Structures are given as structure tokens and as C-alpha cells.
Amino acid sequence: MNTVEKARQLAEPICEKLGLYLWDVRFEKEGALWYLRIFIDRDGGIDMNICEEFSREYNEVLDAEDFITQNYIFEAGSPGLGRKLTRPEHFEVCEGDEVRIKLYKARDGVKEFMGLLAGCTAEGFTLAFEVDDEGKPTETADFLYKECSSVNLNDDQDLF
């Protein structure tokens, strides 16, 4: 089990206890420093008090397990309005929301797209670029997760 998987496994019961949703776990190096970042959320959003409560309980577990060998900085926070969609369950939860995607390789000369997340499967998702008066997609395109360098919720105002 790698560091991210172990950190996720330890965070899930705390999130469940506190009524939170574990959005993402990242263990990443920036410059000379390593960061363990836990992104949490709940219906209605979170505030600093919730982050502090989660951090206090999670720090106890981190200290007890002591599974990370290098020095690191632990951070807990919200995934934010423009949150990254990195796991299939993120796409399920965000179906119907506006997203921005960037592709590794251009499609018809275009590497960035924005549209309504109209559906998802185990391999990819569908974006709607136009909708009719009833909000049903009229122009769509399918994308594979593996061809996207990033997918984020659109944090701008109305797309349609």
C-alpha cells in the first residue's frame, strides 16, 4: 500500500465520524518539501473549525501509525470551487455540473474544453456543449479519463 492509499484509509473513518466526505488525498513534493494534503467536504461546505477538528483527530492517527518516513507538512482543507476531479466517484458526484478539461493531446487542434458533465462510465465521461430549453444535451463529446491532463469544476458563472 502506498502513502496516499494508507493516508486515505486512515482518513475515511474520521471523515465518516465527522459527517465529512473525503474528496482527495495527495502526497506531493514541492521544492525540497513534501506535503500530505487531505481535501474534505460536506453538504453546505466546510469552514476552518471543521478543518481544525479533522486535523486534530487525524494528527493523532498519523502520530500513532508513523508510516511516512520522510519529513512532511500536513494540510487539511476544502477542495475549493474549482476542485479537481481525479477519481471516478468525483465524476459521478459532479454529474450535471460545469467542468473545464485539458487534454494531453489536442483533439481537432483544441486542448481545452468546457461543458456540462452529462454522464460518466468506468472509462470516461460525456461533456455537453449545448443544451435545449429543457436542459437536455444537444451537442456532446466523449472523453476518456486517461486522455485528460486535468478536469476541474468550472468556478466561473453560468456557462449556458
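The values are calculated or read from the model by the stated rules, or taken from the named source; none is laboratory data. Values in this document were obtained by computation on a predicted structure and should not be read as measured data. Methodologically, a virtual Cβ is constructed for each residue, glycine included, from the backbone with ideal geometry; neighbour enumeration extends over all protein chains shown.
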Could you check segment 48-57 and list, in sequence order, the residues that are among the acidic types (Asp, Glu) and surrounded by 12 or more Cβ atoms within 10 Å (Cβ to Cβ)? Glu53, Glu57
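Applying the selection to segment 58-94, what residues are part of a loop (DSSP other than H, G, I, E, B) and surrounded by 15 or more Cβ atoms within 10 Å (Cβ to Cβ)?
Listed by number, the residues that qualify are Ile68, Tyr72, Ser78, Pro79, Arg83, Leu85, Thr86, Cys94.
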All but one of (1) in contact with a helix residue (DSSP H, G or I) (Cβ under 8 Å, 6 or more places away or on another chain); (2) within 19 Å of Thr86 (Cα to Cα); (3) of a type in the set (A, V, I, L, M) hold for Ile50, so report the exception by its number. (2)
What are the residues in segment 33-47 that are at pLDDT 95 or above and surrounded by fewer than 19 Cβ atoms within 10 Å (Cβ to Cβ), if any? Leu33, Trp34, Tyr35, Arg37
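For segment 29-49, which residues satisfy the criterion of being among the basic types (Lys, Arg) and part of a loop (DSSP other than H, G, I, E, B)? Before the answer, list the steps.
Just the residues of segment 29-49 that are among the basic types (Lys, Arg), to begin with: 29, 37, 42.
Scanning segment 29-49 gives a single hit, Arg42.
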Can you spot a residue in segment 56-72 that is touching a residue at least 12 places away in the same chain (Cβ under 8 Å), touching a Ser or Thr at 6+ places or on another chain (Cβ under 7 Å) and β-branched (Val, Ile, Thr)? yes
Are any residues in segment 78-104 at pLDDT 95 or above and either in the same structural domain as Leu20 (by TED's automatic domain parsing) or of a type in the set (Phe, Trp, Tyr) (or both), and if so, which ones? Tyr104
Yes or no: Leu10 part of a strand (DSSP E or B), of a type in the set (A, V, I, L, M) and surrounded by 14 or more Cβ atoms within 10 Å (Cβ to Cβ)? no
Count of residues meeting criterion [of a type outside the set (Val, Ile, Thr), under 23 Å from Lys136 (Cβ atoms) and surrounded by 13 or more Cβ atoms within 10 Å (Cβ to Cβ)] in segment 95-106: 4
Residue count for segment 82-107, restricted to those that are over 15 Å from Cys148 (Cβ atoms) and aliphatic (A, V, I, L, M): 1
